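Data block below; observations after.
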Amino acid sequence: MRKALSTSVLIILALFSLRANAQSTKFKVLVVASQAKDHWKSISAGKEFFEKLGAENHFSVDFTDDTSKINDANLAKYQVFVMFHLAPFDMSASQQAALQKFAEQGKGWVGVHAAGLTGKQFLGSNSTAKYWDWFETFMGGVTYSPHPAFQDGMVVVEDHKHPVTKNLPAKFWLADEWYEWDKSPRGNVRVLATVDESTYKQNKPMGDHPMVWTNENFHRMIYICIGHSPTSLVNSNYVILMRDAILWAASK
């Protein structure tokens, strides 16, 4: 009787273990980082950051700086693509096409900081290179302008109804480069958070200065402009923002 009971307990424990393992990975995330020296400190801390985030929130993470992983066959394995400081011009035409297809299929995209470096100025002297117009539209029709010095500023959450920002405070401090644009993307996107320009010295004041937004023409797209420094990755509010952005991007 005791042996039979012991066997039953082992079977039950095994079933619970199988169920826990099945639930341990809800979805898969591909994080592709840049190789740019400007963001190396943040990138070098990124692998541990995203893997810890995944372990705590039941999703698996593949972290790489190899852009050849951006292809149709490989992207099909993932529900979310995180463009971690990887600029659109760092990708080949075929890689750009694969990412565009991924987004248009309704998969999740999270762009971080340098992922938003739009503008034909980045083509340089290569006049034969084709500019990725689709991505500029994807970003809300804005192009990047030179940023001011790295400094503290205040992020203002203006939309607490969205799942990505519902758990954030009304305001929080962060040190960043506070990217500027030729104009505000508002009107083409849903703005979730801005930066209070009175809290830092701008390069060229924008007035309306979004920092986090979604393009609702796509199922699960979100751009997070902040995140230049590895100090962001240990800022509790930034961690919440990134966590909820990935979870939302993966949601159905």
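Laboratory data are not the source of any read-out in this text; all were calculated from the coordinates shown. On a predicted model such as this, the values are computed, not experimentally measured, just so you know. Cβ placement follows ideal geometry from the backbone for every residue including glycine, while neighbour counts extend to all protein chains displayed.
Mind ordering 222-235, 51-64 by average Cβ neighbours within 10 Å, highest first?
222-235, 51-64
What pairs from 107/161; 28/101; 26/161; 37/252; 37/204; 171/201 go past 28 Å between their alpha carbons?
Details: 107/161 22 Å; 28/101 18 Å; 26/161 24 Å; 37/252 36 Å; 37/204 25 Å; 171/201 18 Å.
Exceeds cut-off: 37/252.
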Honestly the chain on the Cα gyration tensor test (a ≥ b ≥ c root eigenvalues; a/c under 1.5 rounded, otherwise a/b vs b/c for prolate or oblate) is just prolate
Helix 40-57 sits off the longest principal axis of the Cα atoms of the chain, rounded to the nearest 10 on a 0 to 90 degree scale, by 40
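What is the packing order of peptides 237-250, 199-212, taking the mean over residues of other C-beta atoms within 10 Å and listing the highest first? Don't skip to the end; give the middle numbers.
Details: 237-250: 20.9, 199-212: 16.2.
Packing proxy ranking, top to bottom: 237-250, 199-212.
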Toy charge model, Lys and Arg Cβ at +1, Asp and Glu Cβ at -1: the chain dipole around Cα centroid in debye, rounded to 20, equals 1120
The helix 93-104 Cα axis meets the longest alpha-carbon principal axis of the chain at an angle in degrees, between 0 and 90 and rounded to 10, of 60
Classified through the alpha carbon gyration tensor (a ≥ b ≥ c as square roots of its eigenvalues; rounded if a/c is under 1.5, else prolate when a/b is larger than b/c, else oblate), the stretch 101-182 comes out oblate
Candidate cut points under trypsin sites (Lys or Arg not before Pro) in the stretch 102-193, DSSP loop plus at most 12 other Cβ atoms within 10 Å of their own Cβ, are 130, 161
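With runs of 4+ DSSP H residues as the only contributors, calculate the mean residue ellipticity of the chain at 222 nm using -39,500 (n - 2.57) per run, divided by the residue total and rounded to the nearest 500. List each step's numbers first, then the result.
Numbers: 6 runs with 78 residues, N = 252.
Computed mean residue ellipticity for the chain: -10000 deg cm²/dmol.
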In whole angstrom, the spacing between the Cα centers of the stretch 113-178 and the stretch 184-219 equals 8
For residue 191, the net charge from surrounding residues (Cβ-Cβ under 10 Å; K, R +1; D, E -1) works out to -1
